[in-house]
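Take a look at the structure below.
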Amino acid sequence: MKNSQKRPDVLRVLADARPDELDPARLTDLARQRQDLGRIVSEPANTRAARRSPRVRPLGAVALVAVAASVVVSVGTFDRQGPAERSAASPQASVGAQSPSAAPDLRLDGRIQLLSAARKAEASPAAGTYWQTTTLGQYVDVAEVSGRLFAVRSSSTEAWSVGVRPGTKSLMVSDLDSRTEPRTAADKATWQAVGSPRTVRIEVGQPANTHALALKMGAGRPTVMRTDVGGKIYAVGPDNVSYKDLQALPTTSDGLRRHLEGLYARGNGTEGAASDRSAWVLRQAGNLVTMPVKPGVRAAAYRLMADLPGVRVVGHVTDPLGREGVGVEFPGAYRTPLGTTRQRLVIDPSTGDMLSDELLLTEPSARAQGAGLKAGTVVNYQATSRMGWSERQITVPKNAQN
């Protein structure tokens, strides 16, 4: 049981999550209000089996098709895991509505918290000159030297500034403060025992078809790149889009869902399983939340997440930076060289901000266990520390390489 001082204000969260049709100013029938509120609190999310291609770049990915080779942008993380293995997602545990007298002890359903995030997102600033995000990333891998296994972690910060007004540029500075090092003191001792090699090899790819990738230990240099091409600043599904395109996106959850499902059908055909489509739509909705869209689109994305089949919404989770939020788990399990994993987004219901996108280890492989990795370990994450509008372009470090 969480400390009562850390629990959310129940009445405030319920009020924030309340749909417009339940606004007391619009309704006079108190019995109707109580009935509808009870339905909202007790409504479970549908659950289906699913799989998806993992490790798509989260938190506002851009994969622009460049018109010149020098401006090709591919901001996807490298493929350290294989395709998802179909597996049943756990059903969401819903909480029934309680009487007003029991309200102080009400355990909020994660879905209600997600709807609260949608209400907060609607009140966010609508426009500016540069849309900027700062994310902290970390990736855990297992290296083997002279028959000995140890875990390494690669961490860095990324600053992305997207100019949306005519004449502005979009810049991404990645690998800020980047470093690859042993994960724990025990891993460091093993690394030192095998000679402290400056380069180690890890396994990447699908579990049944892995290949070696060399990692350089120590600090790295930041890299800067332009991420706008011919007015296109992001990718939404198979499309490269402009700021104008983003501003034209639907501001209702039904409209946004139809739009994204149409993109899925165009890029993947109509033969894919519904669960695959659900996971794909969730990824796109999660990306849109971190783009310079209208506040109504951001809110619609959260409401869409709350109703997607196979998606599990869990209240009261903590992200890798220690921040509390609501977890939105992708359906299915993902097989990686480290073992079976699951992916989730963590969202702050009190602000409507995306906190992190993370991959958790659920069943460690023998290799991962040999390096001391246990179930529940976050093996990679991208945590958003800043997201919003600015009137100034970001500063590029002097030692940044193109």
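Some notes on this structure:
- Which listed residue is open to solvent by 30 Å² or more (accessible area, probe 1.4 Å), at negative phi and touching a residue at least 40 places away in the same chain (Cβ under 8 Å), from 183, 198, 153: 183
- Given (1) of a type in the set (S, T, N, Q); (2) under 30 Å from residue 391 (Cα atoms); (3) in contact with an Asp or Glu (Cβ under 8 Å, 6 or more places away or on another chain), index of the condition residue 251 fails: (3)
- Pairs with Cβ under 9 Å, 6+ apart, first in the range 112-127 and open to solvent by less than 10 Å² (accessible area, probe 1.4 Å), second among the polar types (S, T, N, Q) and in a helix (DSSP H, G or I): 118/253
- Any hit, the range 262-282, residues being under 22 Å from residue 311 (Cβ atoms), in contact with a helix residue (DSSP H, G or I) (Cβ under 7 Å, 6 or more places away or on another chain), touching a residue at least 40 places away in the same chain (Cβ under 8 Å) and of a type in the set (Val, Ile, Thr): no
Residue by residue, here is whether (1) polar (S, T, N, Q); (2) in contact (Cβ under 8 Å) with a residue 40 or more places away in the chain holds:
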{"position": "348", "(1), (2)": "no, yes"}
{"position": "357", "(1), (2)": "no, yes"}
{"position": "369", "(1), (2)": "yes, no"}
{"position": "372", "(1), (2)": "no, yes"}
{"position": "378", "(1), (2)": "no, yes"}
{"position": "383", "(1), (2)": "no, yes"}
{"position": "402", "(1), (2)": "yes, yes"}
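- Test set (1) open to solvent by less than 50 Å² (accessible area, probe 1.4 Å); (2) under 22 Å from residue 256 (Cβ atoms); (3) not β-branched (Val, Ile, Thr) - residue 312 fails condition number: (1)
- Conditions (1) outside any helix (DSSP H, G or I); (2) over 18 Å from the mean Cα position of the chain (by Cα); (3) not basic (Lys, Arg); number of the one not met by residue 368: (1)
- Within the range 294-322, the set of residues being free of Cβ contacts under 8 Å to residues at least 60 places away in the same chain and assigned to a loop (DSSP other than H, G, I, E, B) comprises just one member, 322.
- Residue count for the range 100-111 satisfying the condition of being modelled with pLDDT under 50 and either among the aliphatic types (A, V, I, L, M) or surrounded by 13 or more Cβ atoms within 10 Å (Cβ to Cβ) (or both): 5.
- Exactly one residue among 293, 313, 328 is within 30 Å of residue 248 (Cβ to Cβ) and over 16 Å from the mean Cα position of the chain (by Cα), and that residue is 293.
- Within the range 159-263, strands (runs of 3 or more DSSP E) holding 3 or more residues that are over 21 Å from the mean Cα position of the chain (by Cα) and among the charged types (D, E, K, R): 171-182
- Checking residue 374 against (1) among the basic types (Lys, Arg); (2) in contact with a helix residue (DSSP H, G or I) (Cβ under 9 Å, 6 or more places away or on another chain); (3) buried (at least 19 other Cβ atoms within 10 Å of the Cβ), the condition it does not meet: (3)
- Residues satisfying the stated conditions in the range 286-306, i.e. of a type outside the set (A, V, I, L, M) and touching a helix residue (DSSP H, G or I) at 6+ places or on another chain (Cβ under 7 Å): 292, 294, 295, 296, 298, 302, 303
Condition check ((1) modelled with pLDDT of 95 or more; (2) open to solvent by 20 Å² or more (accessible area, probe 1.4 Å)) across all residues:
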site	(1), (2)
211	no, yes
218	yes, no
239	no, yes
247	yes, yes
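- With respect to being in contact (Cβ under 8 Å) with a residue 40 or more places away in the chain, open to solvent by 60 Å² or more (accessible area, probe 1.4 Å) and in contact with a Ser or Thr (Cβ under 9 Å, 6 or more places away or on another chain), residue 391 fits the description.
- Breaking point among (1) at pLDDT 95 or above; (2) within 30 Å of residue 260 (Cα to Cα), for residue 148: (2)
- The range 326-354: number of residues that are open to solvent by 20 Å² or more (accessible area, probe 1.4 Å) and in contact with a Gly (Cβ under 6 Å, 6 or more places away or on another chain): 3
The values are calculated or read from the model by the stated rules, or taken from the named source; none is laboratory data. Not measured: the values here are computed from a predicted model. Cβ coordinates were reconstructed from backbone atoms using ideal geometry, including for glycine residues, and neighbour counts include every protein chain displayed. Heavy atoms of the whole protein, side chains included, go into the accessibility calculation; ligands, DNA and RNA do not. Shrake-Rupley method; radii C 1.70, N 1.55, O 1.52, S 1.80 Å.
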